[in-house]
Amino acid sequence: MSRLPRLAGVTTAAVALGVLASAPALSVEPPVSDPRVVARFDLAGRQTPDNITLERDGSADVTLAYARQVAHVTQDGRQRILATLPPEANPRTPLVGDAVVLGIVAAHDGTLFVTYATGTAKTGVWRIGPGGGRKQIAQLPADGLPNGLALDERRGLLYVADSVLGTVWRIPRQGGKPSAWARAAALEPGSGSSSGLGANGVKVHRDAVWVSNTDGGTLLRIPVRPDGDAGPVETRASGLDAIDDFAFPGPGSTVFAALVASNQVALVRPDGTHTVVLTQRDGLSSPTSVAVRGRTVYVPSAAYFTKSQPNLLLAHLRRQFSR
């Protein structure tokens, strides 16, 4: 999630669009092809697709941030609303000022978990059952902005990236009291003319928790020690201006990252260099997250900055990434 502009007359703080770090050209062919928009959303209805998780059949579940909804989208673009988070009469969400549903993950049994930010006691992680029932399972600080969400099913843990408090929270999958699993300067938002967003996207991958920092333009790796505690934060890539959420297209350390302000998706290599592989010409409109299943890449665009055509784009992954 980028800093979310209020849809009713509040100007978003400007995000500088720096030039992407130079990287070697792709040697043979681009890693993705055949980009196409398969679903469009109603911006006037506050349907801003922010985050995504995938079902076993290749369909997607997407959070529609300002509408407070979770939508199910098939690969051919058919949509239905799975759940709507409860309204908040007096939202006081930091940076946003509105109630927004952001991160999402799916468990193997079909249960969905989402982050909900309201600036009130409703702020936290909510569970959505297969039948659409919703329940808050953990409360997070009202002065924070719980954003990206990851699930470690093997250990039964949820991880939440708090964009304002510069914290990665850890919560038992069944719910309960959160613990501040990782806090570091590398997770904090910037100052001055920055967006105010630090830790944003989060993924569990190969005995580590990976986090993006929007203001820092960085991709970070936090090892999970044998006792479950957080190891030291490592910077794995930088120069990723206004990075939002990201995804791993294989078992290695290669990443596809959504660059929300510049309307791009970048391929980030294990050595930290990166190349733009999708742009606004392909249909991106403030892309906010990425998911990969087999040879398909999914990119939701929330239109936060473009204010036009929020959508879900699919593209073909031409090759696998083992590194």
Exercise for the section: Go through segment 111-177 and tell me which strands (runs of 3 or more DSSP E), entirely inside it, have 2 or more residues that are modelled with pLDDT of 95 or more and closer than 20 Å to Ile222 by Cα. Expected result: 146-152, 157-162, 167-172
Problem - Options Asp245, Asp241, Asp215: the member that is buried (at least 17 other Cβ atoms within 10 Å of the Cβ), within 18 Å of Ala315 (Cα to Cα) and touching a residue at least 12 places away in the same chain (Cβ under 8 Å) - result: Asp245
Problem - Filter result for Leu259 (out of contact with any Phe, Trp or Tyr (no Cβ under 8 Å at 6 or more places or on another chain), modelled with pLDDT of 95 or more and crowded, with 24+ Cβ neighbours inside 10 Å) - result: yes
Handout entry: Any pair with Cβ under 9 angstrom, 6 or more apart, that starts in segment 108-126 at a residue that is farther than 14 Å from Leu95 by Cα and ends at one that is charged (D, E, K, R) and not in a loop (DSSP other than H, G, I, E, B)
Key = Thr111/Arg127; Leu112/Asp61; Leu112/Arg127; Phe113/Arg127; Val114/Arg127; Val114/Arg134; Trp126/Arg134; Trp126/Lys135
Practice task
Collect the residues in segment 38-82 that are polar (S, T, N, Q), under 16 Å from Gln309 (Cβ atoms) and free of Cβ contacts under 8 Å to residues at least 60 places away in the same chain, keeping them in residue-number order.
Solution key: Gln79
Problem - Members of segment 55-78 found to be crowded, with 18+ Cβ neighbours inside 10 Å and either part of a strand (DSSP E or B) or touching a Phe, Trp or Tyr at 6+ places or on another chain (Cβ under 6 Å) (or both), listed by number - result: Ala60, Asp61, Val62, Thr63, Leu64, Gln69, Val70, Ala71, Val73
Completion exercise
Selection from segment 263-296 of residues more than 18 Å from Asn51 (Cα to Cα) and either under 13 Å from the mean Cα position of the chain (by Cα) or in a strand (DSSP E or B) (or both) yields Leu267, Val268, His274, Thr275, Val276, Val277
Handout entry: Residue in segment 300-323 that is surrounded by the most Cβ atoms within 10 Å (Cβ to Cβ), counting only those that are among the hydroxyl-bearing types (Ser, Thr, Tyr) and part of a loop (DSSP other than H, G, I, E, B)
Key = Tyr304
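Conditions tested, residue by residue: (1) of a type outside the set (S, T, N, Q); (2) closer than 21 Å to Leu197 by Cα; (3) modelled with pLDDT under 95.
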site	(1), (2), (3)
Asp244	yes, yes, no
Arg269	yes, no, no
Thr273	no, no, no
Gln280	no, no, no
Pro300	yes, yes, no
Thr306	no, yes, no
Gln309	no, no, no
Handout entry: Residue identified as of a type in the set (S, T, N, Q), surrounded by 16 or more Cβ atoms within 10 Å (Cβ to Cβ), touching a residue at least 24 places away in the same chain (Cβ under 8 Å) and farther than 30 Å from Lys307 by Cα among Thr167, Thr254
Key = Thr254
Exercise for the section: Go through segment 286-299 and give me each residue that's out of contact with any Phe, Trp or Tyr (no Cβ under 6 Å at 6 or more places or on another chain), surrounded by 24 or more Cβ atoms within 10 Å (Cβ to Cβ) and more than 20 Å from Val204 (Cα to Cα). Expected result: Pro287
Completion exercise
Note on segment 120-150: residues surrounded by 21 or more Cβ atoms within 10 Å (Cβ to Cβ) and either on the phi > 0 side of the Ramachandran plot or among the hydrophobic types (A, V, I, L, M, F, W, C) (or both) are Gly124, Val125, Trp126, Ile128, Ala138, Leu140, Leu145, Leu149, Ala150
Exercise for the section: Run down Ser195, Ser191 and say which single residue is modelled with pLDDT under 95, over 21 Å from Pro249 (Cα atoms) and in contact with a Lys or Arg (Cβ under 9 Å, 6 or more places away or on another chain). Expected result: Ser195
Problem - Subset of segment 25-37 [on the phi < 0 side of the Ramachandran plot, in contact (Cβ under 8 Å) with a residue 40 or more places away in the chain and not basic (Lys, Arg)] - result: Ala25, Leu26, Glu29, Pro30, Pro31, Val32, Ser33, Pro35, Val37
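I'd like the residue in segment 79-93 that is hydrophobic (A, V, I, L, M, F, W, C) and not in a loop (DSSP other than H, G, I, E, B) and, out of all such residues, is surrounded by the most Cβ atoms within 10 Å (Cβ to Cβ).
Ala83
Criterion first (over 18 Å from the mean Cα position of the chain (by Cα) and either among the hydrophobic types (A, V, I, L, M, F, W, C) or not in a strand (DSSP E or B) (or both)) does Val38 satisfy it?
Spelling it out, Val38 is indeed over 18 Å from the mean Cα position of the chain (by Cα) and either among the hydrophobic types (A, V, I, L, M, F, W, C) or not in a strand (DSSP E or B) (or both).
The values are calculated or read from the model by the stated rules, or taken from the named source; none is laboratory data. Because the structure is a prediction, the values reported are computed rather than measured. Note: ideal-geometry Cβ built from the backbone for every residue, glycine included; neighbour counts use all protein chains shown.
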